[in-house]
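The values are calculated or read from the model by the stated rules, or taken from the named source; none is laboratory data. Quick caveat: nothing in here was measured; it's all calculated off a predicted structure. Cβ atoms come from the backbone with ideal geometry, glycine included; neighbour counts cover every protein chain shown.
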Amino acid sequence: MLKINTEAIMNCPNCGSKYKQKMPQIGKHMNSKCVFCYTVFGIKNSKDCCVYCSYSNKLCPEAQKINTKNK
Ligand SMILES: [Zn+2]
Ligand SMILES: [Zn+2]
């Protein structure tokens, strides 16, 4: 069984705070809102898959699926 981790620790690029966020299993999310400073931030590079891949400690569920396939 493929185990998908949906809880990411986000790292806010504005205030540097870390907060937990649940990642949706389907779809790409291009921005996130910091729970501390309320800044809405997007992806770091235009090449990045989504905001979770840019600013969290985990890959998003979509990227996790691709990574598992390639192993
Ligand atoms: Zn913040
Ligand atoms: Zn992603």
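Within segment 1-12, take every residue that is at pLDDT 95 or above and surrounded by fewer than 14 Cβ atoms within 10 Å (Cβ to Cβ) and give me the one that is farthest from ligand 1 (Cβ to nearest atom).
Of segment 1-12, the ones at pLDDT 95 or above are 6-12.
From the residues that got through so far, the ones that are surrounded by fewer than 14 Cβ atoms within 10 Å (Cβ to Cβ) too are 7, 9.
Details: Glu7: 18, Ile9: 13 Å.
Among residues in segment 1-12 that are at pLDDT 95 or above and surrounded by fewer than 14 Cβ atoms within 10 Å (Cβ to Cβ), the one farthest from ligand 1 (Cβ to nearest atom) is Glu7.
Six or more apart or on different chains, Cβ atoms under 6 Å: show the pairs whose first residue is in segment 57-71 and more than 12 Å from Lys28 (Cβ to Cβ) and whose second is modelled with pLDDT under 90.
Thr68/Leu2
Looking at segment 34-50, which of its residues are without any contact (Cβ under 8 Å) to a residue 24 or more places away in the chain, within 12 Å of the chain's Cα centre (by Cα) and more than 8 Å from ligand 2 (Cβ to nearest atom)?
We begin by selecting, within segment 34-50, every residue without any contact (Cβ under 8 Å) to a residue 24 or more places away in the chain; these are 35, 38, 40, 42-43, 45-50.
Remaining after also requiring within 12 Å of the chain's Cα centre (by Cα): 42-43, 48-50.
Those that are without any contact (Cβ under 8 Å) to a residue 24 or more places away in the chain, within 12 Å of the chain's Cα centre (by Cα) and more than 8 Å from ligand 2 (Cβ to nearest atom): Gly42, Ile43.
Please give the number of the condition Asn31 fails out of (1) loosely packed, with under 15 Cβ neighbours inside 10 Å; (2) more than 11 Å from the chain's Cα centre (by Cα); (3) at pLDDT 95 or above; (4) not acidic (Asp, Glu).
The number of the failed condition is (2).
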